[in-house]
Amino acid sequence: MTMQHQARKRFGQNFLVDQQIIAQIIAAIGPNSDDNLIEIGPGTAALTEHLIERCPTMQVVELDRDLVDYLSEKFAAYPDFRLHSGDALKTDFAQFHQGRQMRLVGNLPYNISTPLLFHLLKNRELIHDMHFMLQREVVDRLGAVPGNKTYGRLSVMVQYHCRVMPLIPVPPSAFRPAPKVQSAIVRLKPHRSKPATADNEILLSQLVSHCFQQRRKTLRNCLRPYAEHLSLAESQLDLSKRAEQLKVSEFVALSNYINQSLSSQ
Ligand code: SAM
């Protein structure tokens, strides 16, 4: 079954057509028949048709109704294939867990990739791993280290929760229509045991956002709203640094010192 589908820009549709790249992605994922495999945005099934051969119980979430109809017909011979029609941003991924760690994959619509990553991370404890095609620039940000100009909130918060492994660079020519940007496949593996644990993850997230919103300022300046709670942090960390110089573990320590002071009020 082939499909003539006019790519829709508003759904971030850039379909993979390069069979060599597709084979590399499938090999990187390494799907197995007993995986709890969920693909986000299967589109015209460039990845799905290979994944389903190895994992016939896979599930997909697709927003474009025309593609949902196409996919249900195309995979009608797979009785255990589940097709969910809807918005991945509004999907409760915990429903797919059913006692089995999830493996999430997808060539994601680039316009929603960052909010989607944060949405998925809410269920990080239920996820075994994730393989996503993203803009190369986003993959660079995910894996960035302190001192790098792409190091920011996304790097710190994703690295806090996951091991980040950039895998395959993908040129625009691998897609139809070709996007204007370079892409890359990244593997994200939620930590089973975190290298550093925040006592209050909401506070960590607030501090990280706050400090990177004013990335040119010193931490001491950024943290003025917490001025009364900085003495412990000041004794252990150099607050004349800027956010972009602080390692993930140092952000966690900073948050724990401030949390300790807030809790002892
Ligand atoms: N996987 C296909 C491929 O590699 O050729 C298509 C990838 S295309 C970049 C992104 C896919 O995500 C499209 O099929 C699009 O309709 C779907 N999509 C866009 N927004 C979505 C959303 N919010 N939830 C679920 N799927 C979405």
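The values are calculated or read from the model by the stated rules, or taken from the named source; none is laboratory data. Bear in mind that the values here come from a model prediction, so they are computed numbers and not experimental data. Heads up, the Cβs are rebuilt from the backbone with ideal geometry, glycines too, and the neighbour counts pull from every protein chain shown. Accessible surface areas use protein heavy atoms only, side chains included; no ligands, DNA or RNA. Shrake-Rupley method; radii C 1.70, N 1.55, O 1.52, S 1.80 Å.
Results for (1) in a loop (DSSP other than H, G, I, E, B); (2) within 16 Å of the ligand (Cβ to nearest atom); (3) outside the structural domain of residue 243 (by TED's automatic domain parsing); (4) charged (D, E, K, R), shown as yes or no for each residue.
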| residue | (1), (2), (3), (4) |
| --- | --- |
| 84 | no, yes, yes, no |
| 125 | no, no, yes, yes |
| 129 | no, no, yes, yes |
| 133 | no, yes, yes, no |
| 150 | yes, no, yes, no |
| 155 | no, no, yes, no |
| 164 | no, no, yes, no |
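Which residue is most open to solvent (accessible area, probe 1.4 Å), if the candidates are limited to region 6-24 and must be at pLDDT 95 or above and touching a Leu at 6+ places or on another chain (Cβ under 9 Å)? If we take residues in region 6-24 being at pLDDT 95 or above and touching a Leu at 6+ places or on another chain (Cβ under 9 Å), then 24 is most open to solvent (accessible area, probe 1.4 Å). Within region 80-108, being open to solvent by 20 Å² or more (accessible area, probe 1.4 Å), touching a residue at least 60 places away in the same chain (Cβ under 8 Å) and touching a helix residue (DSSP H, G or I) at 6+ places or on another chain (Cβ under 6 Å) holds for one residue alone: 97. Applying the criterion of being among the basic types (Lys, Arg) and outside any helix (DSSP H, G or I) to the residues of region 180-237, the residue that is farthest from residue 27 (Cα to Cα) is 217. For region 45-66, a residue qualifies if it is in contact with a His (Cβ under 8 Å, 6 or more places away or on another chain) and within 6 Å of the ligand (Cβ to nearest atom), and the qualifying residues are 61, 62. Before we move on, is residue 75 closer than 24 Å to residue 123 by Cα, surrounded by 15 or more Cβ atoms within 10 Å (Cβ to Cβ) and away from the ligand (no atom under 13 Å from the Cβ)? Considered against the rule, which asks whether it is closer than 24 Å to residue 123 by Cα, surrounded by 15 or more Cβ atoms within 10 Å (Cβ to Cβ) and away from the ligand (no atom under 13 Å from the Cβ), residue 75 comes out as no. Within region 121-136, can one find any residue that is under 27 Å from residue 14 (Cβ atoms) and among the aromatic types (Phe, Trp, Tyr)? Taking every residue of region 121-136 in turn, at least one turns out to be under 27 Å from residue 14 (Cβ atoms) and among the aromatic types (Phe, Trp, Tyr).
For region 112-123, the tally of residues that are over 15 Å from residue 139 (Cβ atoms) and near the ligand (Cβ under 8 Å from one of its atoms) stands at 1. Whenever a residue of region 207-231 is closer than 12 Å to residue 244 by Cα, its partners that are of a type in the set (Phe, Trp, Tyr), lying with C-beta atoms within less than 7 angstrom and at least six residues away or across chains, give the pairs 208/251.
The conditions of being outside any loop (DSSP other than H, G, I, E, B) and either away from the ligand (no atom under 13 Å from the Cβ) or surrounded by 21 or more Cβ atoms within 10 Å (Cβ to Cβ) (or both) are met by residue 27.
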